[in-house]
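Working notes, structure below.
The values are calculated or read from the model by the stated rules, or taken from the named source; none is laboratory data. Model, not experiment: these values are computed from the prediction. Virtual Cβ from ideal backbone geometry, glycine too; neighbours counted across all protein chains shown. The area values use the complete protein model at the heavy-atom level, side chains included, leaving out ligands, DNA and RNA. Shrake-Rupley method; radii C 1.70, N 1.55, O 1.52, S 1.80 Å.
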Amino acid sequence: SSFLNEMRQLTQLAKATTCHSLVLVDELGRGTSNAEGCAVALATVEWLADVGCHCIFTTHSTLVPKVAARIPNVRLCCMQVTSADQQMHFHFEVKEGLCSIENYGLHI
């Protein structure tokens, strides 16, 4: 299963990561339920912050960044997106802070 693969990869990450590491994590926790995925992702963010490594952690979750914003050595960035006339406008720029739009899903 993809969840089992993620757990194996996290085990390898935990064994090898130091404060000198650059860690790239993309969409952790997507192989399970939303609640479990968020729990795994948040635990990983907290652990990486404790290790003190440099990390790029991507997520579509809206909960993970909100909680991670409370961690002192975490810096949040997002892709610049605006919405006007019920259309999404992707600016392909990175900005600091939480995303201003909660959901990129379909507007029906």
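Scanning segment 92-104 for residues that are open to solvent by less than 80 Å² (accessible area, probe 1.4 Å) and among the β-branched types (Val, Ile, Thr) turns up just one, Ile101.
Just to be sure, is Gln12 modelled with pLDDT under 90 and either under 27 Å from Ile101 (Cβ atoms) or not hydroxyl-bearing (Ser, Thr, Tyr) (or both)?
So Gln12 does not fit the description; no.
Residues are listed down the side, and each one gets a yes or a no for (1) modelled with pLDDT of 95 or more; (2) within 17 Å of Ala69 (Cα to Cα); (3) of a type in the set (S, T, N, Q):
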position: Leu4; (1), (2), (3): no, no, no
position: Cys19; (1), (2), (3): yes, no, no
position: Arg30; (1), (2), (3): no, no, no
position: Cys38; (1), (2), (3): no, yes, no
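Screening Ala69 on (1) touching a His at 6+ places or on another chain (Cβ under 6 Å); (2) within 16 Å of Leu98 (Cβ to Cβ); (3) aliphatic (A, V, I, L, M) shows it passes everything except condition (1).
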